[in-house]
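First comes the structure, then the notes that go with it.
Where a number appears in this text, it was derived from the coordinates with a stated rule and is not lab data. This is a predicted model, so every value here is computed, not measured. So basically every Cβ, Gly included, is an ideal-geometry build from the backbone, and we count neighbours across all protein chains shown.
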Amino acid sequence: MQGWFSALTIIPILGIADRTVGKRAGLLAGWIWILFPWFGKWAVTWEWEISLSALLLSLIFWYTLRLEKPATLKSWMTFGALEGFALLVNPALSAIVPVTLAWHVYKLRFQRREWLKPAAAMLACLIVMSPWIVRNRIVFGQWVFLRGNFGFEFALGNYHNSFGRGWGGFHPGGSLREYADYKQKGEMVYIHSKQKLALQFVRNYPGEFISLTAKRVAYFWDGSAIGYRPPIARHWVPSSFGALSFLLLPALLVAHRQGLHAWQAFFGALFVYPMPYYLTFSQSRYRHAIEPLILLLLAYALVEACDQAYASMIRAADHFSSTRTRMKTRVVTHTSKQPAQGSDI
């Protein structure tokens, strides 16, 4: 199924391109998504929701652009239901929800009563998520929004002398001692105890916490997390992660300078989505959800660069041609003014 999800991501990639970066950049991004193993390897190596998350985030972004034109209340509620389903699959996608809503509120700021439509979308989102939230209330005896493990994840990456990657020796799945503690305390008490320790670390070592956060920002983008879990197959190409991230910076600059449609939404998604991983710990697979957006921006920058290079070549050729024409005209004019050989003066 993950292979199908990865393949279907082509549809929202082309849909987003049609409304933003253009058809040529969309086709380029689509072919790269299909042909390069950097983007398809997760579907054949991980059984989790990685490829499905990329598909859902792309669909949400595409649907956001489709709602830019006057849309019915039903369309907005469908959008909210899609977001609710996406959050049930992967709560980390919740970071994209405020970005899409903020962009729409900005677009609708001068339209009366239109703010009711985003509100209806949020209501539909909550309705879709509500059965699972009620289930958590029954099982844990307290209100838990989708997943209640953020405090534990925060503790995995934040402790004194940590290297910020989340050590498995502190996880019940990798330590018998931690598993016994987890079994004795129960899930929620165990998570709260770990969260308390992590917050105490932040209070005692604020400088170290800032340093770890800075490292995790680099880990998210440079692909070095792949080397943390050897052996590494050749097709993973860890250096490709850093290369794409480096190229993303000029691509974002090009999008801003060229006034790419919905560039604010692109920027917001790429800025907000990684933040939970900056605070906890990062693995290279976490970036895959936003790689369709990264790829579209890179393709757009490449197409723009090629267009500008072609235009410069045309201008240079025209300038060279006009220069040669002027030189020929001057030579002919100068020759016509010379007196005939042997004439009397």
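Below 8 Å between Cα atoms, with a sequence gap of 6+, how large is the relative contact order for the chain in percent?
22
Backbone geometry of the range 19-35 corresponds, through the Karplus equation with coefficients 6.51, -1.76 and 1.60 at θ = phi - 60°, to 3J(HN,Hα) couplings of 9, 9, 7, x, 5, 5, 5, x, 5, 4, 4, x, 5, 5, 4, 6, 8 Hz, x marking Gly and Pro.
Between residue 211 and residue 311, the contour length at 0.36 nm per residue exceeds the Cα-Cα span by 31.4 nm. The loop-placed GluC sites (Glu not before Pro) in the range 1-84, going by DSSP, that have at most 10 neighbouring Cβ atoms within 10 Å of their Cβ come out as 47. With the helix formula -39500 (n - 2.57) applied to DSSP H stretches of n ≥ 4, the chain reaches a computed 222 nm mean residue ellipticity of -23000 deg cm²/dmol.
The spread of Cα positions in the chain, taken along each principal axis and listed from longest to shortest, comes to 122, 51, 41 Å. Segment residue 199..residue 145, full-extension length gain: 17.4 nm, with 0.36 nm per residue of separation and the alpha-carbon distance subtracted.
If you place +1 on the Cβ of every Lys and Arg, -1 on the Cβ of every Asp and Glu, and leave all else neutral, what size is the dipole of the chain about its Cα centre, to the nearest 20 Debye?
Working: 35 positive and 17 negative charges, 102 e Å.
Dipole about the Cα centre, nearest 20: 500 debye.
For the range 110-219, relative contact order (Cα pairs under 8 Å, six or more residues apart, normalised by length) works out to 23 percent.
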